[in-house]
Amino acid sequence: MSQLKYKRILLKLSGEALAGEGGYGIDPERVHELAQKIKRVRHLDVQVAVVIGAGNIWRGQIGMRHGMDRATADYMGMLATVINALALQDALEQIGCDTRVQTAIEMKAVAEPYIRRRAIRHLEKGRIVILAAGTGNPYFTTDTAAALRAMEIDAEVLIKATKVDAVYDLDPKVNPNARRYEHLTYLDALNMRVGVMDSTALSLCMDNDLPIVVVDLWGESSIERVVLGDDIGTLISS
C-alpha cells in the first residue's frame, strides 16, 4: 500500500450528495454509491469522520424568505442533517462498515450525543463516525461545524467533497475560461469569497492551521487520492 499522507480525515459532504436528480430527497442508490466510496477510503486504514449538510431536505434561507425566524430555520436544518446521517449510517452498515452517529442536539433514541473523547475512541477502533446536527447552535453552517469538529477530533485535513473538481475564480459551468486553482492561502480564499466554503469555516481553519482540500466527490477515486497525497483538487492552506 502507498504511504498515507493523512491518517485521520473529516469528510464534509453536502446534503445534495444523497439526493437524486433535482437535488432533493434521499436516493437509496446514490447513498449506496456514496457509502462504497467511504468504505474504500476506510479500507486504506484511514480514520474517517463525516459531516453532512441538509440542503436536499431543507434550506433555511427558503423559510427566512417567507418570514421564518432564523433560529427556527437553522434548528430545522440541524434536524434534517440527522435524517441524512441515519440514511448514510444504514447504507454503510449494509456493506459491513461499523458506524456511529453522534448528534450535537441530544436525541438518545436514534444516536449518541456528541462527546469529543468518545468520537475519537470510535475512530481509533476503526468505526466511521458521522457527526450530525451541526454545532447544535443556530447561525452556524455545517461548513463551520465541519471545521470545528475536525479540530476537536484532531483530524489532519478537512476534505470538502463537492460537485466541482477544484476552486475556480468563476463558475466553470457558465464560463469555460474560468481559472482553476491548485493552491490558495486561507487569506486568498477569504478575499475571493470562494463559494465552496463560508468565511467562518475558513477563518477557523486558518487560525488552527488545518488544511482544506476541495475535490469532486464523484471523481474517480478522488478521496483516496487525497489521503494518498496526490495533487488533486484545490489545497487551501497557509
Task: Charge tally in the Cβ shell below 14 Å around H43, where Lys, Arg are +1 and Asp, Glu are -1, H43 excluded - done: +3
Open item on the list: With +1 on the Cβ of every Lys and Arg and -1 on the Cβ of every Asp and Glu, and nothing else charged, how large is the dipole of region 8-237 about its Cα centre, in debye rounded to the nearest 20?
Closed with: 460
Task: Size of charge dipole - region 133-238 - debye, nearest 20, with Cβ of Lys, Arg +1 and Asp, Glu -1, no other charges - done: 380
TODO: Pick out which of K12, K160, K37 has the largest mean-square fluctuation in a Gaussian network model of the chain, springs linking Cα atoms closer than 10 Å.
DONE: K37
TODO: Rounded to whole Hz and in sequence order, give me ³J(HN,Hα) for region 106-116 from the Karplus expression 6.51 cos²θ - 1.76 cosθ + 1.60, θ = phi - 60°, writing x for Gly and Pro.
DONE: 5, 8, 4, 5, 10, 7, 6, x, 5, 10, 3
TODO: Using a cut-off of 10 Å between beta-carbons, work out the net charge of the residues near P138 (Lys and Arg +1, Asp and Glu -1, P138 not included).
DONE: -1
TODO: In debye, nearest 20, what is the charge dipole magnitude of region 1-141 about its Cα centre with +1 on Lys and Arg Cβ and -1 on Asp and Glu Cβ, if you could check?
DONE: 720
Task: Whole-Hz ³J(HN,Hα) from phi, Karplus 6.51 cos²θ - 1.76 cosθ + 1.60, for region 25-40, glycine and proline x - done: x, 10, 9, x, 5, 5, 5, 5, 4, 5, 4, 4, 4, 5, 4, 4
Open item on the list: If packing is taken as the average number of other Cβ atoms within 10 Å across a peptide's residues, how do 55-63, 126-134, 149-157, 186-194 rank, most packed first?
Closed with: 126-134, 149-157, 55-63, 186-194
- [ ] Note the full-extension length gain between H183 and E106 as 0.36 nm times their separation in residues minus their Cα-Cα distance, in nm to one decimal.
- [x] 23.9 nm
TODO: Could you tell me the distance between the Cα centroids of region 89-128 and region 147-187, to the nearest Å?
DONE: 26
Task: Ranked by how many other beta carbons lie within 10 Å on average, peptides 222-230, 39-47, 78-86 from highest - done: 78-86, 222-230, 39-47
Open item on the list: Please list, in order along region 144-154, the HN-Hα scalar couplings obtained from phi with the Karplus expression 6.51 cos²θ - 1.76 cosθ + 1.60 (θ = phi - 60°), rounded to whole Hz, x for Gly and Pro.
Closed with: 5, 4, 5, 4, 4, 5, 4, 5, 5, 8, 6
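Every number in this text was worked out from the coordinates using simple rules, so none of it is lab data. Note that the coordinates shown come from a computational prediction; the quantities given were computed from them, not determined experimentally. Cβ: placed from backbone, ideal geometry, glycine included. Neighbour counts: every protein chain shown.
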